[in-house]
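Working notes, beginning with the structure itself.
The values are calculated or read from the model by the stated rules, or taken from the named source; none is laboratory data. The shown structure was predicted, so the numbers you read here are calculated from the model rather than taken from an experiment. Note that we place each Cβ from the backbone using ideal geometry, even for glycine, and neighbour counts take in every protein chain shown. For the accessible areas, the whole protein counts, side chains as well, though only heavy atoms, and no ligand, DNA or RNA atoms are used. Shrake-Rupley method; radii C 1.70, N 1.55, O 1.52, S 1.80 Å.
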Amino acid sequence: DAMSTLKADTIQSTGGGAATLTKQSAAKAWVNADHTSNAIASSFNYSSFTDINTGDSTLAFTSNMSGASTAYSLNGIATNNGASSNTWSRFYTITAGGYSVRRGYGTTTEHDWSICMDQVHGDLA
């Protein structure tokens, strides 16, 4: 059996734009954001990071997911006020267009994390 090799510097859609990511196992959205300054440092498929309150934010996708039943992974670092250990994050709203999450440390202390690293796997709409 002969094996073929595909090498490419750029892959475009037939319309000439960027190719749509369709592989099932690939992340459909990821973000690195700073809740202390409410800024997105880098991202893919995120349109906004909105501060609701201390430790409370809403993130919106550029392109919606097919529904709310997708796989989310949240991680991050809360570096100020001794909050770097025992961190937690909890969703309270998930939709096809984004999600709202509370983050904090200790048992119940809500806190603005300096680094919020989220990723989403699922199908795009």
Q: Looking at (1) buried (at least 18 other Cβ atoms within 10 Å of the Cβ); (2) over 13 Å from the mean Cα position of the chain (by Cα); (3) modelled with pLDDT under 90, find the lone condition where THR79 falls short.
A: (1)
Q. Would a scan of region 85-93 turn up a residue that is of a type outside the set (Gly, Ala, Ser), touching a residue at least 12 places away in the same chain (Cβ under 8 Å) and crowded, with 17+ Cβ neighbours inside 10 Å?
A. yes
Q | Restricting region 103-114 to residues that are open to solvent by 50 Å² or more (accessible area, probe 1.4 Å) and out of contact with any Ser or Thr (no Cβ under 7 Å at 6 or more places or on another chain), the residue that is modelled with the lowest pLDDT | A | THR107
Q) Taking the condition at pLDDT below 90 and over 14 Å from VAL31 (Cβ atoms), does ALA68 pass? A) yes
